[in-house]
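These notes are about the structure you will find just below.
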Amino acid sequence: MVIEIIYFLILLLVILIIFDRSYHAVVSSCRKFFNMDPEDAKFMRTERKPGSIDVHPNVDAIILNYDLDIQILASKDSVIYEEKKGLKKIIELPMINSRTDCHVLSKEVVSQCDLIHHSRLAEVEQIIYYLKKRKLQTGVKGGSALLLDAGQNSTDKNEANYNSLSDYIDLLYEGMTEKIKGAQLIQLLARDPQNLEALAKNEILISALGRVLREDWKRSIALSTHLVFTFFCFSMYSCFHDVILKCKVGSICMDILDYELRRYDKWKADFEGSEAPSDTPIVPAARKPCPSSASMSEIPRSRIPEPVRPKSGNFSDTNITQIMEGSIYEDLTNSMECIDDKKLTDEQKLKRFRTLVKKQEHLLRVAFYLLLNISEDETVEEKMSKRNIIGLLGKALDRENEDLLILVATFLKKLSIMQCNKEAMMGSSNVVEKLPRLLESNSADLVHLTLKLLFNLSFDGAVRAKIVQVGMLPKIRSLLSDDKHQEVVLKILYHLSYEDEIKHQFMDCIGLITDMLVLNVGSESDKAMVALCINLATDPSNAQHIIKKNRLQSLMMRAFTYQDAMLMKMLRNISDYPASAPSFIEFVGDIAKAVVESRDEDFIRECIGILSNIYLPDLDWAEIFKHFDMVKWVKNIISSNNADAELILHVVVLLGTAASDEGCAKLFCETNILGLLIDLLKTHQEDDEIVLQIVYIFYVTLAHGSNIEYIVGKTEAPAYLIDLLQDNNKLIRKLSNTCLNMIADHNRTWAERIRIEKFRNHNAQWLALVDSQQLALEDEEDGEEDELPPYLNTEYLSTAVVPPLSDLVTDLHDAPDAEIISDKELNFDYFDGNHQNELEATEFEDL
């Protein structure tokens, strides 16, 4: 009797605990129990009455409401004691995904749960369809692939608790399902920056993460993603990079990237029915333990074999693991990472291929991002380059995922500042050939990053040639009108304009660029725009297009308003062509005024350059110099000891152009500018450019016959021209010889002296030979005092001085037997070899 009482008492307590009764309810029930006769209690009956079916608000699960009725019966089925309680049963469906067949799965749920009558099949199917739709929109809580995008599967952050970190670490030492779950929870903790410092100091955790990643990264994309993402969180802060380097995560990521990219080639070949590339290894089928319900999201639930299905509605991890161990379910799990399945239709293969690629691309993205973060260390970046990171990035450019492409383009842009990386991009990776496709993208960010990458690469001449070869120039030109890309596009076009062979290809956009230059006053892109126009203006066709439609006047106005030296340089390039020079004649006065009044030396140089390029016979240079008092300004420049050599050169070139006008040449003589040029010649005798241009001024001035007498009688120009016959510069020697010929043709006095000096210069080696043999002259007294010996020794050459012209004229008039030398005898050229040979033969006959 006592045993029976104790038995029923325990039974009642269990029932009350199940029903979650309060203390007072327990007491009340006990009173009822003790008031009844224990001998009457013979049986206990339980009854479950199904109720409504609802959707779980947070988890992919069905909530089944039902009532539980427990009765204690007497011998004649009379109820002694009765309790009723409303309960809920949660049927988790973590396998729901985009491939789920709602009808098939609903039939499985109904067949395995005895609380749901088969007549409610349509209701269950509708609920499953709702769960599937909700998952596609918001993502699954508790999925196995927590990634960067909000639309991916993610575990509720509230499930990850730092106090349970030791439990999460223990999961890393269990089966694959537990490893994925543990890695996922640890990754959630790492996503909170406040936890990173504590996690980094936990050596057990870091060691475990590194070990699992190193040993098991090939076995599961989900596991690899969670682990790499955890280390990626550390890589966001430079102070934690030592944690990554210590575990050699960077090297493992390189292996992961190489393996996954090769495996993608295999998948693609299987899907298309072609052969995989020769360098693509066959992916080994890694044996995996049976996943729990948490990892069943990867498997179509309808493919689970009937004989091994659990017989109840409890889809817990324990039941799945126990029942599915060793079944064909494991093969189905492994086959998810392979496309070559003959049982699949083409449509199913396409769905599987897309799913695998999507998962893989997120793994690639987080791995590349981690490497990008740790590559801020130059040593680490160099190691990546040696392991062919460029090749991996080049392969990733073939993908369609915009987020991945943006990351890859960013990484390539960072690497492209090193010459060795540029060469690698031009090599087998074919990075440049793959960039045109990115420029066609609808993502403005991707296009902009691609343009920045091209800008870095375009510093290299070979890359510029390749850009033109693959046909990117028209696309780049078309982006000029986009304000977001305009600045970098102009820089790229500027680099491309270095090549003379492709300047004509800018013909279609040169008008647009010029109009933008006129309108974009004060814009940051002005300098790049002007620099581009400067290069393009060196092509005659482009130069003509620039000044069409009255653009020259607008450009001139802007140049003068802002004293823009670069813009004036572009106009100077345009003025260098004879066809364009007449267009500048109306601006000559403004330019000459700017030369005299401006204080910007760079602007003055470019203005002088424009004036120097205007070779027009009808232009009255003398009037321009007088009106703007340029003679005084020129004298100040060429006589100043502090003047810049480049500015002096520009002024001398301008004088050479202006001296082509006879009136202006006469003005130079009258204002003694030629005398100042001789002084300038002495100062800059080592500067071949200045010397050559000064000699050219003498040549142009001598071309006007009226100025020869002034140059011969009032300046020392002839003597310096004779001296320049021995200059090392061939052009200077030739131009000086021409000037001396012109003097000899018009002045008999200098003809003989010029002939002698040319002889001395031409026969210098022979005279040195005679002097070395110390040949003496025997008949020095027989000859006249002023008569030259049959040869000139070194002593004579070193001591002989050209006497003043007045002395020579007096001696010639006093000499009774003075011969008149005809012009024909003086008309010879320094480079006339026949005449010089006659001189040599004559002297040797005298000897």
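The values are calculated or read from the model by the stated rules, or taken from the named source; none is laboratory data. Because the structure is a prediction, the values reported are computed rather than measured. Quick reminder, even Gly has a Cβ in these numbers, built from the backbone with ideal geometry, and neighbours come from all protein chains shown.
Rundown of residues vs (1) among the basic types (K, R); (2) at pLDDT below 85, yes/no style:
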| site | (1), (2) |
| --- | --- |
| H226 | no, no |
| F231 | no, no |
| I252 | no, no |
| R263 | yes, no |
| P284 | no, yes |
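So which of V249, V212, V243 is surrounded by 14 or more Cβ atoms within 10 Å (Cβ to Cβ), touching a residue at least 60 places away in the same chain (Cβ under 8 Å) and outside the structural domain of P94 (by TED's automatic domain parsing)? Step through it out loud before you land on a result.
On the way: V212 fails: touching a residue at least 60 places away in the same chain (Cβ under 8 Å); V243 fails: touching a residue at least 60 places away in the same chain (Cβ under 8 Å).
So the residue among V249, V212, V243 that is surrounded by 14 or more Cβ atoms within 10 Å (Cβ to Cβ), touching a residue at least 60 places away in the same chain (Cβ under 8 Å) and outside the structural domain of P94 (by TED's automatic domain parsing) is V249.
Go through (1) surrounded by fewer than 15 Cβ atoms within 10 Å (Cβ to Cβ); (2) modelled with pLDDT of 80 or more; (3) of a type in the set (G, A, S) for S106 and report which single condition fails.
(1)
Could you list, in sequence order, the residues of segment 220-240 that are touching a residue at least 60 places away in the same chain (Cβ under 8 Å) and either on the phi > 0 side of the Ramachandran plot or buried (at least 19 other Cβ atoms within 10 Å of the Cβ) (or both)?
If we filter segment 220-240 for residues that are touching a residue at least 60 places away in the same chain (Cβ under 8 Å), which is where we start, we get 220-222, 224-226, 228-229, 231-232, 235-236, 238.
Within segment 220-240, S220, I221, A222, S224, T225, H226, V228, F229, F231, F232, S235 qualify.
Return the pair list, or none, for Cβ contacts closer than 9 Å from residues in segment 90-106 that are in a loop (DSSP other than H, G, I, E, B) to residues that are surrounded by fewer than 18 Cβ atoms within 10 Å (Cβ to Cβ) and of a type in the set (D, E, K, R), at least 6 apart or on different chains.
S98/K351; R99/K351
Can we say F560 is in contact with a helix residue (DSSP H, G or I) (Cβ under 7 Å, 6 or more places away or on another chain), among the aromatic types (F, W, Y) and closer than 18 Å to F455 by Cβ? Talk me through it step by step, then tell me what you get.
Details: in contact with a helix residue (DSSP H, G or I) (Cβ under 7 Å, 6 or more places away or on another chain): yes; among the aromatic types (F, W, Y): yes; closer than 18 Å to F455 by Cβ: no.
Judged against the criteria, F560 is not a match.
How do the pairs read when you match residues in segment 349-361 that are more than 13 Å from K268 (Cα to Cα) with residues anywhere that are outside any helix (DSSP H, G or I), using Cβ under 7 Å and keeping only pairs 6 or more apart or on different chains?
Taking only residues 6 or more apart or on different chains, the pairs are K359/A145; E361/R399; E361/N401.
I need the full set of residues from segment 369-398 which are of a type in the set (D, E) and either without any contact (Cβ under 8 Å) to a residue 12 or more places away in the chain or under 19 Å from F229 (Cα atoms) (or both), in order please.
E376, E378, E382, listed by residue number.
Has segment 582-591 got at least one residue that is among the aliphatic types (A, V, I, L, M), over 30 Å from N550 (Cβ atoms) and crowded, with 18+ Cβ neighbours inside 10 Å? Spell out how you get there, then give the answer.
First, the residues of segment 582-591 that are among the aliphatic types (A, V, I, L, M): 585, 588, 591.
Now restrict to residues that are over 30 Å from N550 (Cβ atoms): none.
No, segment 582-591 contains no residue that is among the aliphatic types (A, V, I, L, M), over 30 Å from N550 (Cβ atoms) and crowded, with 18+ Cβ neighbours inside 10 Å.
From V447, V463, V432, which residue is in a helix (DSSP H, G or I), under 13 Å from E402 (Cα atoms) and of a type in the set (V, I, T)?
Working: V463 fails: under 13 Å from E402 (Cα atoms); V432 fails: under 13 Å from E402 (Cα atoms).
Matching residue, one of V447, V463, V432: V447.
Tell me which residues, restricted to segment 52-64, are outside any loop (DSSP other than H, G, I, E, B) and loosely packed, with under 15 Cβ neighbours inside 10 Å.
Passing the criteria: S52, D54.
Quick grid of which residues meet (1) surrounded by fewer than 13 Cβ atoms within 10 Å (Cβ to Cβ); (2) hydroxyl-bearing (S, T, Y):
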| residue | (1), (2) |
| --- | --- |
| Y615 | yes, yes |
| L619 | no, no |
| K635 | no, no |
| S639 | no, yes |
| L647 | no, no |
| V651 | no, no |
| L654 | no, no |
| S660 | no, yes |
| G663 | no, no |
